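Right, one structure below, let's go through it.
Every read-out reported here was derived from the displayed coordinates using simple, explicitly stated rules and does not represent laboratory data. Keep in mind that what you see is a predicted model, and the values were worked out from it rather than measured. Reconstructed Cβ throughout: ideal geometry from the backbone, glycine too, with neighbour counts over all protein chains shown.
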Amino acid sequence: MQTKQNKMSVMPAGRLILSMGLPMIVSMILQAVYNIVDTAFVINMGEEGTLGNLALTYAFPIQLLIIAVGVGTGVGLNALLSKSLGEGDRAKADRTVGNGVFLGLVIYLVFLLFGLFGAKPFIAMQAQGNERVAEMGAEYLAICCCFSFGAIGFTVYERFLQSTGKTMYSTISQISGAAANILLDYVFIYPLQMGIAGAAWATVIGQILSLLVAMLFHYSANKELGNHLKDLLPSGKIIKEIYHIGLSAALMQGMLSVMMLGVNLILGTAKEAALLQGSFGVYYKIMQFALFACFGLSNTIISVLSYNYGMGDGERSRACVRWGIVITLIVSGMIAALFEGLAAPLAGLFGMASGESGEGLIEAVALAVRIASLGYLFMGFSIAVQGVLQALGSALWPLLISCLRLAVFVFPAVWLFSLSGSAVSLVWWAFPIAEALTAAVSAGILVAVLHKKLPVCKPLPQAA
């Protein structure tokens, strides 16, 4: 009876994905706000703004990795929770919640150790002897890692809310932290003159606030899920099921970190290395608005499709696939058009960087936005396909898609274009080319998996 009353089983698929997806888009985009706001404030600090931007660029792969592990674990939690609720297995859902909290604590301890002992050598590897940049980057990264429990914990509790359809609560939680981050960035960097450390403290305080608000909503409003101390005890079976999907998702998200680090190292060998690395760091944070919007819809697809697939409703599951892909294409196309028209104003956010290097950075970022956004429609399709595959229990295919779009197709193209004397103009073409090639492969994989998992001629077996 509870299943029939849940909107994920009765609301029309298109309207359901749109109603749940819009808050998810906002929530995911706000994750990008942390990094873009830090960059905008740091780059406008004054004389050290350009150096600060490089330091943030070097630290960014680890920030992406924190998000990747947290979100990957959250995706596994989301899929297992939604499926368990769809099957009516309340006890399993409760155990999943407890093990999710346990995994969040373990993940935080790993990044705490990295912040204490690994931040400095990681930044030094990329800074190539620039001691001031290395010092700034290590300081920023150490703070972000040592206090990463806010970011990691939020991704866990956010999924508890999303799995029960309460996406608006997760969005409110994210907005609270993002607003605090913006305010504190200004206060810490300018009036208090805390420099790049101020940006780091503003980020972690905002993330901790988001976690606290999400916990408040979960414990007060998530009546579908139990919160028993005994469920915190790790269960090998539950953890295995979480990471059956979650490991693939974490690796997929982690490929963003690999791509960022790899491209940074490749661009570091180019003639105009500092300009290319600096503009790439800024562009990629701007691009996260589009990327995370697609991830938000992909996560919505996972929640909705997992629930209905768990119920054994084949016809409704196929409708979720169709609408999920269509809505993602519409959203990614709108963002691409918006970015094409607003490339110069977006780059202008970094217009207070001093001297010719600042002007060159603005021009390079604007060019990057115009060229790379041509691939957003292909990117949206591939990410939507990944969500469908994850919801249907496929772990390796989504990982292959990530490897193609973030490494296999990107690295050779970036390397070839970086050899040119016009690298600042050409290197950005590597990204839409990689997205288009990946989308073609994704389409073939999607057709094969749907034929096997959701055959049109046969209904799914009903869940027990």
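For the stretch 2-453, the dipole from Cβ point charges (+1 on Lys and Arg, -1 on Asp and Glu) about the Cα centre works out to 1780 debye, to the nearest 20. Give the Kirkwood hydrodynamic radius (Å, one decimal) of the stretch 336-431, defined as one over the mean of 1/r across all pairs of different Cα atoms. By the Kirkwood definition, the hydrodynamic radius is 15.2 Å.
Order by neighbour count: Asp38, Asp231, fewest other Cβ atoms within 10 Å first, most last. Placing the least packed residue first, the sequence is Asp231, Asp38. Dipole orientation for the chain: of the candidates Ala249, Leu18, Ser394, Ser394 has the Cα lying most toward the positive pole (charges on Cβ; Lys, Arg +1; Asp, Glu -1).
Each of Gly444, Ile172, Ile43 was placed along the dipole of the chain (beta-carbon charges, centred on the mean Cα), and the one lying farthest toward the positive end is Gly444. As a proxy for reagent exposure, ranking Arg95, Arg322 by other Cβ atoms within 10 Å from fewest up yields Arg322, Arg95. Considering helices alone, the calculated mean residue ellipticity of the chain at 222 nm is -28000 deg cm²/dmol, with DSSP H runs of length four and up weighted by -39500 (n - 2.57) and normalised per residue. Fewest-first ordering of Ser373, Ser176 by other beta carbons within 10 Å of each residue's beta carbon gives Ser176, Ser373.
Counted by Cβ distance under 14 Å from Ile445, the other residues give a net charge of +3, where Lys and Arg count +1 and Asp and Glu count -1.
Treating r as the C-beta distance of Tyr190 and Leu232 and R0 as 41 Å, the FRET efficiency rounds to 0.45.
Here the stretch 211-307 is assigned +1 on the Cβ of each Lys and Arg and -1 on the Cβ of each Asp and Glu. Its dipole about the Cα centre then comes out at about 100 debye. Taking the square roots of 5 times each eigenvalue of the Cα gyration tensor of the stretch 155-304, largest first, gives ellipsoid semi-axes of 33, 23, 14 Å. Under the convention that each Lys and Arg Cβ holds +1 and each Asp and Glu Cβ holds -1, the size of the dipole of the stretch 59-122 around its Cα centre is about 80 debye. Multiplying the residue separation of Ile175 and Leu212 by 0.36 nm and subtracting their alpha-carbon distance yields 12.1 nm. Just round it to a whole percent: the fraction of Cα-Cα distances in the stretch 2-453 exceeding 41 Å. Across the stretch 2-453, Cα pairs with separations above 41 Å total 13 percent.
When only alpha carbons of the stretch 102-235 are considered, Rg and Dmax amount to 17.3, 55 Å.
Taking a straight Cα-Cα cut-off under 19 Å and skipping sequence neighbours fewer than 8 places away in the same chain, the aspartates and glutamates within cross-link reach of Lys83 are Asp94, Glu158, Glu224, Asp231, Glu241, Asp313, Glu315.
Measuring r between the beta carbons of Glu272 and Arg132 and using R0 = 25 Å, the FRET efficiency lands at 0.80.
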